[in-house]
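Have a look at the structure below before the remarks.
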Amino acid sequence: MKRHVTHHVAMDEWQQLAAAQEGAIARRQLLALGCSRHFVRRQLDARRWIERTSTVLSVTTGPPTWRQSVWAAVLHAGGDALVGGLTALEWHGLRNWHRDEITVLVDDQLSFDPVAGVTFFRTRRPLVGMRASADLPFARIEPASLLFAGYERSARTGQGLLAAVIQQRLTTASSMQAALEQLRPLRRARLFRTTLGDIAGGAQSLAEIDIARICRSHDVAAPARQTRRRDSSGRIRFTDCEWQLPGGRILILEIDGAFHMDVEHWEDDLARQRGLSSQGRIVVRCTARELRERPDSVLGDLKRHGLCA
């Protein structure tokens with residue numbers, strides 16, 4: 001009777017743990033809960049369970065969901081491993097940055113088999129302090145963002161991610177700045193301090209960060225960003241960049257991303273430009289690609305409309 005009760009409790013525990021982990025459970029967790037290797041083998045042989053990696057099983061069969069694959073990846077590494085990078089950020093709610101590759105942050109000393117579709121990012125930094133909660137092995141938004149941005153091949157992609165995370169209100173520029181200091185030394189830290197300063201000043205996109213950089217490099221006054229304006233129809237608009245010109249006129253720069261090239265958006269932007277234009281306002285448009293590849297040309301046009309240092 002005693003053995004029966006003990007086995008029943010163990011069964012309840014592994015079921016609860018597996019449910020909390022999207023159906024994934026590590027062999028070491030099962031052993032710790034008193035489930036014998038024979039019990040595990042019977043579930044696999046009966047095809048009630050399936051092996052996801054050499055160390056992780058799933059108590060459900062069929063193709064794994066994205067969330068199940070993420071759990072399997074972090075459980076496979078073990079130790080203090082955390083889901084990191086864009087994987088953690090998507091779990092936290094980041095939109096439009098999905099990548100199929102799963103990122104797991106692991107202690108530099110851990111040893112385990114590789115897993116297809118998983119990048120194990122090794123670090124000597126203490127992972128415990130990066131954890132988002134006691135229950136889920138996921139990195140907090142700020143270290144997940146900064147470590148990705150610091151070691152991503154493209155610095156611009158890293159900057160764009162920082163802007164996206166803050167623009168989508170997953171964190172704030174001040175929280176990111178504090179985390180940046182805690183992660184010292186970090187690759188590209190100097191660039192990110194400037195980027196976060198621009199974001200704190202109102203820049204909401206990589207293009208707006210670019211215009212701030214261009215202004216600094218040419219000793220031109222930085223623009224006001226996301227200024228609330230009422231157009232000719234009475235509708236409230238928020239402008240990308242504005243400068244107060246001598247004589248009281250206002251120079252507005254509207255920056256179009258790739259989606260603005262769609263017919264519907266293009267027509268909306270034309271209507272927006274007409275509505276914002278007035279005797280005291282000059283509205284100039286450029287694309288984000290122009291800012292990136294031909295900044296001198298854009299700045300030259302702004303100067304011809306009266307922008308000065």
Q.
Name the single residue that is farthest from Arg193 (Cα to Cα) among those in segment 222-238 being touching a helix residue (DSSP H, G or I) at 6+ places or on another chain (Cβ under 7 Å) and open to solvent by less than 50 Å² (accessible area, probe 1.4 Å).
A. Asp231
Q. If you scan segment 80-103, which residues turn out to be without any contact (Cβ under 8 Å) to a residue 40 or more places away in the chain and either surrounded by fewer than 19 Cβ atoms within 10 Å (Cβ to Cβ) or within 26 Å of Thr172 (Cβ to Cβ) (or both)?
A. Thr87, Glu90, His98, Arg99, Asp100, Glu101
Q. Ala163 versus (1) open to solvent by less than 20 Å² (accessible area, probe 1.4 Å); (2) under 16 Å from Asn96 (Cα atoms); (3) at pLDDT 95 or above: which is the lone unmet condition?
A. (3)
Q: Assess whether Ala116 counts as being within 17 Å of Val56 (Cβ to Cβ) and of a type in the set (A, V, I, L, M).
A: yes
Q) Which of (1) part of a strand (DSSP E or B); (2) out of contact with any Gly (no Cβ under 7 Å at 6 or more places or on another chain); (3) open to solvent by less than 80 Å² (accessible area, probe 1.4 Å) does Gly62 not meet, given it meets every other one? A) (1)
Q: Determine the pairs where a residue that is under 14 Å from Lys303 (Cα atoms), located within segment 232-258, has a partner that is of a type in the set (Phe, Trp, Tyr) and surrounded by fewer than 18 Cβ atoms within 10 Å (Cβ to Cβ) with Cβ atoms under 7 Å apart, the partner being 6 or more residues away or on another chain.
A: none
**Q.** Answer from Arg3, Arg67, Arg95 - the residue that is at pLDDT 95 or above and basic (Lys, Arg)
**A.** Arg95
**Q.** Residue count, segment 176-189 (criterion: open to solvent by less than 50 Å² (accessible area, probe 1.4 Å) and farther than 17 Å from Pro126 by Cα)
**A.** 3
Q: Write out, first by first residue and then by second, each pair whose Cβ atoms fall under 6 Å of each other, whose residues are 6+ apart or on separate chains, and whose first residue, in segment 46-72, is under 26 Å from His92 (Cα atoms) while the second is assigned to a strand (DSSP E or B) and acidic (Asp, Glu).
A: Leu57/Glu51
Q. Among the candidates Gln29, Gln68, Gln15, which residue alone is part of a helix (DSSP H, G or I), touching an Asp or Glu at 6+ places or on another chain (Cβ under 7 Å) and open to solvent by 20 Å² or more (accessible area, probe 1.4 Å)?
A. Gln68
(Q) Anything in segment 85-112 that is at positive phi and part of a helix (DSSP H, G or I)? List them, or say none. (A) Gly85
Q) Based on what the data block shows, is Ala149 among the hydrophobic types (A, V, I, L, M, F, W, C), open to solvent by less than 10 Å² (accessible area, probe 1.4 Å) and assigned to a helix (DSSP H, G or I)? A) yes
(Q) Could you check segment 123-146 and list, in sequence order, the residues that are outside any loop (DSSP other than H, G, I, E, B), at pLDDT below 95 and open to solvent by 60 Å² or more (accessible area, probe 1.4 Å)? (A) Val128
Q.
Out of everything in segment 279-307 that is basic (Lys, Arg) and either in contact with a His (Cβ under 6 Å, 6 or more places away or on another chain) or over 11 Å from Leu253 (Cβ atoms) (or both), what residue ends up being most open to solvent (accessible area, probe 1.4 Å)?
A. Arg304
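The values are calculated or read from the model by the stated rules, or taken from the named source; none is laboratory data. What you are looking at is a predicted structure, and each value in this text was computed from that prediction instead of being measured. Please note: Cβ atoms are built from the backbone with ideal geometry, for glycine as well, and neighbour counts cover all protein chains shown. For the accessible areas, the whole protein counts, side chains as well, though only heavy atoms, and no ligand, DNA or RNA atoms are used. Shrake-Rupley method; radii C 1.70, N 1.55, O 1.52, S 1.80 Å.
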